[in-house]
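Q: One structure coming up, written as structure tokens, with questions to follow.
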Amino acid sequence: MREFVRHPSDIHMDVKVLSEPGSRRGHLHDVSMAGLSCLVAREIKPGSKIEFYVPSITEESSGRGTVMWCRPKREKFQLGIQFNPGKDAFRARIVEQLCQIEHYRREVEELEGRILDSDEAAEEWIARYAADFDRLFSGE
């Protein structure tokens, strides 16, 4: 079984290097309890302390971490970010769950033609997938 739960690359996120002004738009790629992988337009050096946001879910910070690696990927850079310990791991789990719900909402619209609001999508997703999601995140 995979350690990382895959996300579709259409989930937007913002990455802010704490020692620099402004933030960079990116696309969430993978998330686990330990960290995440994302694509950004400009290089961010390993060791950089960052804060990340998932604007489609919340305008507040979703978590903090450290860039562990940065690799060129086509015209972008793929980052490996390790979450700060403690509360940020919990936030990562929430972000993962919300991203899965958003992906489910889009998938239902595309495949079934049903348009769900976020609450309806969350209710359906939880009923269908929450138990499997909890097993993946708890490592059971």
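The values are calculated or read from the model by the stated rules, or taken from the named source; none is laboratory data. The structure displayed is predicted, hence computed values, not measured ones. FYI the Cβ positions are ideal-geometry reconstructions off the backbone, even for glycines, and counts take in every protein chain you see.
Q: Within the range 61-82, identify whether any single residue is of a type in the set (A, V, I, L, M), outside any strand (DSSP E or B) and either at pLDDT below 85 or surrounded by 16 or more Cβ atoms within 10 Å (Cβ to Cβ) (or both), and answer yes or no.
A: No, the conditions are met nowhere in the range 61-82.
Q: Just the residues that are aliphatic (A, V, I, L, M) and modelled with pLDDT under 80, please, taken from the range 1-52.
A: Those that are aliphatic (A, V, I, L, M) and modelled with pLDDT under 80: MET1, VAL5, ILE11, VAL31, MET33, ALA34.
Q: Give the residues of the range 14-58 that are more than 18 Å from TRP69 (Cα to Cα) and touching a Gly at 6+ places or on another chain (Cβ under 8 Å), sorted by residue number.
A: Within the range 14-58, no residue meets the criteria.
Q: Just to be sure, is VAL54 touching a residue at least 40 places away in the same chain (Cβ under 8 Å), touching a helix residue (DSSP H, G or I) at 6+ places or on another chain (Cβ under 8 Å) and β-branched (Val, Ile, Thr)?
A: Considered against the rule, which asks whether it is touching a residue at least 40 places away in the same chain (Cβ under 8 Å), touching a helix residue (DSSP H, G or I) at 6+ places or on another chain (Cβ under 8 Å) and β-branched (Val, Ile, Thr), VAL54 comes out as yes.
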